[in-house]
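Below is one structure; the comments refer to it alone.
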Amino acid sequence: MSRRSISLLKNLRNITNGSKIQTRSVTYMPRPGDGKPRPVTLIPGDGVGPLVTNAVEQVMEAMHAPVYFEPFEVHGDMKSLPEGLLDSIKKNKVCLKGGLKTPLPVGGGVSSLNVSLRKELDLFASLVNCFNLPGLASRHENVDIVVIRENTEGEYAGLEHEVVPGVVESLKFCSERIAKYAFEYAYLNNRKKVTAVHKANIMKLADGLFLESCQEVAKKYPSIAYNEIIVDNCCMQLVARPEQFDVMVTPNLYGNLVANTAAGIAGGTGVMPGGNVGAEYAVFEQGASAGNVGKDTTEEQKNANPVALLLSSAMMLRHLQFPSFADRLETAVKRVISEGKCRTEDLGGNSTTQEVVNAVIANLD
């Protein structure tokens with residue numbers, strides 16, 4: 001061995017025996033014009049919504065992300081979407097949203113602004129990514145499930161009417177485009193399997209048509225495994241062996257149930273990102289149900305968990321084609337979770353929202 005090789009080996013050994021291995025920093029070189037800030041419509045929402053959306057604003061500012069926000073005051077008890085909101089989203093193409101309360105009627109129909117927003121913008125696909133975070137204990141390991149749910153049809157579309165007094169009919173139908181989106185997502189993200197969730201054994205026409213659409217699209221993607229599962233068995237399998245699932249495609253109502261179940265298994269709704277996307281527009285929000293929207297104590301104590309919306313905003317950055325900023329944000333959030341020193345009450349800690357934000361900012365590369 002040459003003297004030069006021996007010298008290099010000694011230097012490597014000295015570095016390795018030190019407190020940490022020295023690594024070279026990576027420089028991000030944008031294409032000319034890539035750094036132009038992009039406007040994003042912001043809906044702080046109800047309850048803890050303003051708290052967690054403000055957390056995102058602080059982190060974006062700290063990392064000098066090339067986005068700026070156009071805020072709109074929207075509340076779930078409003079009769080309709082405020083003037084100018086849809087124009088802003090249609091102009092910007094992207095929106096970040098906190099939770100909106102949906103009034104619960106005793107009888108009759110009360111419009112949900114969440115549903116109205118999805119229908120007006122034709123955000124037909126809801127995506128929730130449920131996965132294990134290093135350092136966060138859960139009952140199951142190796143969970144990495146993407147639930148893709150039809151977002152504008154079925155029960156959540158509110159297509160129901162009273163045929164005669166006392167007889168209410170709900171209309172349910174499906175679309176081939178959600179199946180196409182699920183397989184496109186799986187193909188582009190190197191996923192191996194798509195599972196269609198249904199109740200075609202009972203809903204033979206409506207869910208039967210949904211399965212036919214999935215089966216036809218699956219034939220065009222021979223490299224991706226395809227299978228089907230009845231929704232009640234699906235919930236049982238999620239609890240027993242969630243690691244068997246990869247991408248799941250579902251009609252509207254089933255997807256809401258499946259996504260919340262998967263989120264609870266993987267670590268809780270407070271850490272699962274998600275978004276709603278259509279052909280032209282996208283709205284990013286907490287992936288699974290924001291159950292703490294209506295918790296007054298969480299709002300008063302300012303200890304809402306901002307992790308889910310921070311990770312959703314990383315998805316938004318990637319959607320805007322700012323991948324390096326998305327990677328920095330995700331890495332910082334995962335470091336904070338892994339260290340375990342700064343966690344909100346829902347994750348077994350006693351940190352405030354601001355303390356989590358400060359920790360994430362401190363861990364930005």
Exercise for the section: Tabulate in residue order the Karplus-calculated ³J(HN,Hα) for segment 344-360, using 6.51 cos²θ - 1.76 cosθ + 1.60 with θ = phi - 60°, rounded to whole Hz; enter x for Gly and Pro. Expected result: 7, 4, 5, 9, x, x, 9, 7, 8, 4, 5, 5, 5, 4, 4, 5, 5
Handout entry: Accessible area of Thr152 in the full protein assembly, 1.4 Å probe (Å², nearest 10)
Key = 20
Handout entry: Efficiency of FRET from Cβ geometry, Ala279 and His75, R₀ 30 Å, rounded to 0.05
Key = 0.60
Exercise for the section: Could you tell me the accessible area of Tyr281 in Å² (1.4 Å probe, neighbours in place), rounded to the nearest ten? Expected result: 30
Fill in the blank from the handout: Using a 1.4 Å probe on heavy atoms of the protein chains only, the accessible area for Glu330 in Å², nearest 10, reads 40
Practice task
Enumerate the calculated ³J(HN,Hα) couplings along segment 136-153 in order (Karplus 6.51 cos²θ - 1.76 cosθ + 1.60, θ = phi - 60°), each rounded to whole Hz, writing x wherever the residue is Gly or Pro.
Solution key: 9, 5, 8, 6, 10, 10, 6, 8, 8, 10, 10, 9, 10, 10, 5, 10, 10, 10
Completion exercise
Residues whose modelled amide H sits under 5 Å from the amide H of Phe284, counting only those 5 or more places away in sequence or on another chain, are Cys95, Leu96, Lys97, Asn276
Handout entry: Pairwise label distance in nanometres, Thr297 with Gln58, each label 7 Å out on the Cα-Cβ vector
Key = 2.3
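Ordering Lys219, Lys119 from largest to smallest accessible area (1.4 angstrom probe), what's the sequence? The partial results should precede the final answer.
On the way: Lys219 145, Lys119 100 Å².
Solvent-accessible surface, decreasing: Lys219, Lys119.
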Handout entry: Amide H contacts of Lys101 (H built 1.01 Å from N, under 5 Å, at least 5 apart or other chain)
Key = Asp46, Gly76
Practice task
Show me 187-195, 93-101 ranked by packing, highest mean number of other Cβ atoms within 10 Å first.
Solution key: 93-101, 187-195
Handout entry: Orientation-averaged projected area, Cα convex hull of segment 302-365 (nm²)
Key = 3.9
Exercise for the section: Distance check, please: which entries in Lys193/Lys334; Lys36/Lys93; Lys79/Lys119; Lys90/Lys193; Lys119/Lys199 exceed 22 angstrom between their Cα atoms? Expected result: Lys193/Lys334; Lys90/Lys193; Lys119/Lys199
Exercise for the section: Could you order Met315, Met203 so the one with the most accessible surface comes first? Probe is 1.4 Å. Expected result: Met203, Met315
Practice task
Filter the GluC sites (Glu not before Pro) in segment 229-317 down to the DSSP loop ones having no more than 14 other Cβ atoms within 10 Å, then list what survives.
Solution key: Glu280
Practice task
Give a residue-ordered list of calculated ³J(HN,Hα) values for segment 301-318 (Karplus: 6.51 cos²θ - 1.76 cosθ + 1.60, θ = phi - 60°; whole Hz; x for Gly, Pro).
Solution key: 7, 6, 10, 5, 7, x, 4, 4, 6, 5, 5, 5, 5, 5, 4, 5, 4, 5
Exercise for the section: Kindly state, to the nearest 0.05, the FRET efficiency for Glu83 paired with Arg318, given R0 = 41 Å and r defined as their beta-carbon distance. Expected result: 0.85
Problem - Per residue, in Å², the accessible surface of segment 50-142 once ligands and nucleic acids are set aside, probe 1.4 Å - result: 51
Fill in the blank from the handout: Descending packing, highest mean Cβ count within 10 Å first, for 226-232, 141-147 is 141-147, 226-232
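The values are calculated or read from the model by the stated rules, or taken from the named source; none is laboratory data. Since the model is a prediction, treat every value here as computed from it, not as a measurement. FYI the Cβ positions are ideal-geometry reconstructions off the backbone, even for glycines, and counts take in every protein chain you see. Keep in mind that these areas ignore ligands, DNA and RNA; they rest on the heavy atoms of the full protein, side chains included. Shrake-Rupley method; radii C 1.70, N 1.55, O 1.52, S 1.80 Å.
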